[in-house]
Amino acid sequence: MAGTVLVSVSGHVARVTLNRPEVHNAFDDRLILELTGVFERLAGDRAVRAVLLCANGRSFSAGADLNWMKRTAGYSEDQNLEDARRLAQLLRVLDGMPQPTVGLVQGAAYGGGVGLVACCDIAVAVPEAVFSLSEVRLGLLPAAISPYVVAAIGARQARRYFLTAERFDAGEALRIGLVHQIAAREELEAAGGRILAALAEGGPEAQAASKNLIRRVASGPVDEAMVEDTATRIATLRAGREGREGVAAFLEKRRPAWRGA
């Protein structure tokens with residue numbers, strides 16, 4: 001029987017596919033644990049330079065699985081806390097991966113599915129994709145996904161969509177910053193391929209450092225500590241092996257080592 005998550009590696013790109021199409025790739029405890037383990041393994045694999053997240057079936061992810069929700073309805077508060085921590089850890093691992101991550105959203109994304117999209121560095125959706133932060137309609141709230149969704153769409157848009165649980169289309173997702181691009185269904189893979197090709201041009205250490213830089217800059221004021229921190233970061237990369245190779249390759253008009261011969 002196929003797993004709930006499929007993983008394949010081609011060249012330097014790992015493709016991670018949600019594989020519960022019969023339930024619209026909804027989350028349950030098994031999917032969360034399996035997906036967390038996959039991302040943790042890939043994060044430590046230096047041969048993997050980019051991660052593509054996609055899904056089989058009509059939906060990208062419908063959020064929480066109904067059978068899982070029925071089980072959790074009988075949980076104690078402590079059991080619910082442990083369950084919530086596992087989902088929070090999944091999102092944290094995906095968001096913190098050193099490699100660039102690209103999400104291809106081929107269908108509906110609700111609740112936790114929106115969280116996955118927000119955690120990806122780059123997201124492309126088909127025009128037919130529909131999104132919803134639907135938790136309040138169940139008397140719940142999008143707590144675990146909130147740091148990543150708010151970072152993607154901003155507090156102002158979150159005030160609307162967290163509170164109304166309205167469905168919105170790919171055009172609105174693009175406007176508010178949840179996705180970066182809309183591509184026709186037959187062009188979705190090609191659009192992802194072009195992004196991956198662009199990512200392959202950059203130094204992997206510089207890309208990982210850039211992701212850390214964004215988190216640092218987004219989290220604090222431009223004060224003396226921020227200025228010193230950014231100066232230190234660029235000085236460290238300039239003096240490093242990859243930085244020296246990149247500058248030398250540019251000056252010598254050749255391909256840098258990370259792009260191959």
Practice problem: Would you check which residues across segment 34-53 are assigned to a loop (DSSP other than H, G, I, E, B) and of a type in the set (Val, Ile, Thr) and list them? | Solution: Val48
Practice problem: Check segment 100-111 and report whether any residue there is out of contact with any Leu (no Cβ under 9 Å at 6 or more places or on another chain), of a type in the set (A, V, I, L, M) and surrounded by 17 or more Cβ atoms within 10 Å (Cβ to Cβ). | Solution: yes
Quiz item: Which pairs have Cβ atoms under 7 Å, sit 6 or more apart or on different chains, and link a residue in segment 127-146 that is without any contact (Cβ under 8 Å) to a residue 24 or more places away in the chain to one that is surrounded by 18 or more Cβ atoms within 10 Å (Cβ to Cβ) and acidic (Asp, Glu)?
Solution: Leu141/Glu135
Practice problem: Looking only at segment 150-171, decide whether some residue is on the phi > 0 side of the Ramachandran plot and either surrounded by 20 or more Cβ atoms within 10 Å (Cβ to Cβ) or in contact with a strand residue (DSSP E or B) (Cβ under 7 Å, 6 or more places away or on another chain) (or both). | Solution: yes
Exercise. Quickly run through segment 92-120 and pick out the residues that are assigned to a loop (DSSP other than H, G, I, E, B), under 17 Å from Gly57 (Cα atoms) and either small (Gly, Ala, Ser) or not assigned by TED's automatic domain parsing to the domain that holds Gly63 (or both).
Key: Gly107, Ala108
Self-check item: Single match in Gly203, Gly192 (criterion: crowded, with 17+ Cβ neighbours inside 10 Å, touching a helix residue (DSSP H, G or I) at 6+ places or on another chain (Cβ under 6 Å) and within 25 Å of Arg259 (Cα to Cα))
Solution: Gly203
Quiz item: Ala123 is checked against (1) in a loop (DSSP other than H, G, I, E, B); (2) within 30 Å of Glu205 (Cβ to Cβ); (3) without any contact (Cβ under 8 Å) to a residue 60 or more places away in the chain and fails just one. What number does that condition carry?
Solution: (1)
Quiz item: If you check Arg46, Arg20, Arg86, Arg30, which single one turns out to be in contact with an Asp or Glu (Cβ under 9 Å, 6 or more places away or on another chain) and either among the acidic types (Asp, Glu) or more than 22 Å from Leu104 (Cβ to Cβ) (or both)?
Solution: Arg86
Practice problem: Output the number of residues of segment 143-169 satisfying the condition of being in a strand (DSSP E or B) and in contact with a helix residue (DSSP H, G or I) (Cβ under 8 Å, 6 or more places away or on another chain). | Solution: 1
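The values are calculated or read from the model by the stated rules, or taken from the named source; none is laboratory data. All values derive from a computational prediction rather than experimental measurement. Note that each Cβ is placed from the backbone with ideal geometry, even for glycine, and that neighbours are counted across all protein chains shown.
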